[in-house]
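Asks: Here it is, the structure in full.
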Amino acid sequence: MKDATAFNDGTGCEVNKPQLSCIALVDIDSAYASMERVFRPDLGDRGIAILSNNDGAVVAANKAAKALGIRTGTPHFKVKDIIEKHRIALFSSNYALYGDLSNRVMMAIESMVPAYCQYSIDEAFLDLSGIERVEPLELFGRRLKQRIWDWTRLPVKVGIAPTKTLAKVASYGAKKYPATGNVVDLSQRDRQRKLMALMDVGEIWGVGSRLRWQLNELNVHTALDLADQRPKDMRRYFSVNMERTVRELNGEQCFPLDDSSAQKQQIVVSRSFGERVTEFDEMFGAVTNYTVRAAEKLRSQGGTAQLFTLFIRTSPFSADPQYSKSVTTRLPWPTDDTRAFLARARTLLESIWRPGYRYAKAGVMLGEIAPLKQNQADLFQGDERPAGNPLLGLIDRMNKKGLDIRFAAQVGPAGKMKQARLSPHYTTRFSDVPIAKIK
């Protein structure tokens, strides 16, 4: 296709813009459970379940555990008997391990494709442009799957198609039908329509159960039924996103490979405590950690924030005396500097802290987020305006590699999570590295 001036047709699809020849979706199979099994080969084919923060509810389970009745979102106490009866391996969430193994999967992907965009901790969209000229795409997908396995021992599904939505459809087929070997190529239109005819419309990316019943009322029951609708009708009945979905199901690229330009307008970091917090210093330690994490997220999306909110509350489900309070301050300039937020955290907490309560949760929120590159300097702040500090970026990168660099304010007591079944940090902590004994 010749290059041309692109214009938007009102749906988000750019007309006359050269498009990617093919897109792939790589999805780690039962990600958290598979990551726990990497260093526990003794688990074999046993069911594996992962608990949420504070070990409160099931957040992930592999196929073996699901077959025994373990469902995500179920409180732990409700499935405790099933877990014990069937010897399901139970783990507390180990996000340091999951994040590091996810990065290793992305490194394997990066070694084989011209460009990719990580969608979540266990998914990435890949640009396969030009690869079809060298080898069949299905063969490439199998080679990529094998490389990820060789590098990480993590099983993945690979869905290949002309658009991101169709790549999701292909990934569904790779999961649903074991005979595919977990790799499905939907480059050809007849294969797309055949699989969509077997796929419930609620399985379509962006549809889900919320819109499924409304589509059923319009006699739209399968993915193919949706693909055969008039795009403009779907926009009128639902939204522009539904129109884009229909167009994507028909091979028209509407969702770009990289959606990183869409910034979050608010960043919230909060957590319920494993045990009630009654001391100010312990609460301040927790709030400090949340503030540091929120600032890291802000920098990762290339943004700055000017509003800083802090909140604390007791549990509304207990018989304890109730108290809930939040406070917001507006910084004199937009910033991405952790220190600017930490400098205000203690004062804000002191203003809303009330002794004598058993606090169950706390959190921070950053608001009025704008891109760093659009941030305008303040004439009167001079060098005090800390934004885009390269030192902070360096700290972020080093921490992602497994180091533990902290701010001075983080040294002290903090509200700790209950993690009774936490696995070792095999890849990010030297003391947890497995030692092989050779006789």
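The values are calculated or read from the model by the stated rules, or taken from the named source; none is laboratory data. Predicted model, so just to flag it, every value in this text is computed and none were measured. No Cβ is skipped: glycine too gets one built from the backbone with ideal geometry, and neighbour counts run over all protein chains shown.
Asks: Kindly provide the set of residues from segment 39-51 that are surrounded by fewer than 19 Cβ atoms within 10 Å (Cβ to Cβ) and under 16 Å from residue 88 (Cα atoms), ordered by number. Steps first, answer last, please.
Replies: Keep residues of segment 39-51 that are surrounded by fewer than 19 Cβ atoms within 10 Å (Cβ to Cβ), which gives 39-46.
Result: 40, 41, 42, 43, 44, 45, 46.
Asks: Has segment 253-276 got any residue that is over 15 Å from residue 164 (Cβ atoms), touching a residue at least 60 places away in the same chain (Cβ under 8 Å), over 24 Å from the mean Cα position of the chain (by Cα) and not assigned by TED's automatic domain parsing to the domain that holds residue 352?
Replies: Looking through segment 253-276, none of the residues is over 15 Å from residue 164 (Cβ atoms), touching a residue at least 60 places away in the same chain (Cβ under 8 Å), over 24 Å from the mean Cα position of the chain (by Cα) and not assigned by TED's automatic domain parsing to the domain that holds residue 352.
Asks: What single numbered condition from (1) modelled with pLDDT of 90 or more; (2) touching a helix residue (DSSP H, G or I) at 6+ places or on another chain (Cβ under 7 Å) fails to hold for residue 252?
Replies: The single condition residue 252 does not satisfy is (2).
Asks: Moving to a separate point now. Quick one: in segment 188-218, which of the residues that are touching a residue at least 40 places away in the same chain (Cβ under 8 Å) and part of a loop (DSSP other than H, G, I, E, B) is surrounded by the most Cβ atoms within 10 Å (Cβ to Cβ)?
Replies: The extreme case among them is 204.
Asks: If I ask for residues that are part of a loop (DSSP other than H, G, I, E, B) and surrounded by fewer than 16 Cβ atoms within 10 Å (Cβ to Cβ), which ones from segment 93-148 would you list?
Replies: 111, 112, 114, 130, 134, 135, 136
Asks: If you go through segment 227-240 one residue at a time, do you hit one that is modelled with pLDDT under 95 and within 16 Å of residue 171 (Cβ to Cβ)?
Replies: no
Asks: Continuing with the same structure: Could we say that residue 304 is surrounded by 20 or more Cβ atoms within 10 Å (Cβ to Cβ), closer than 18 Å to residue 266 by Cβ, in contact with a Leu (Cβ under 8 Å, 6 or more places away or on another chain) and touching a residue at least 40 places away in the same chain (Cβ under 8 Å) here?
Replies: Yes; evaluated as a whole, the condition is true for this residue.
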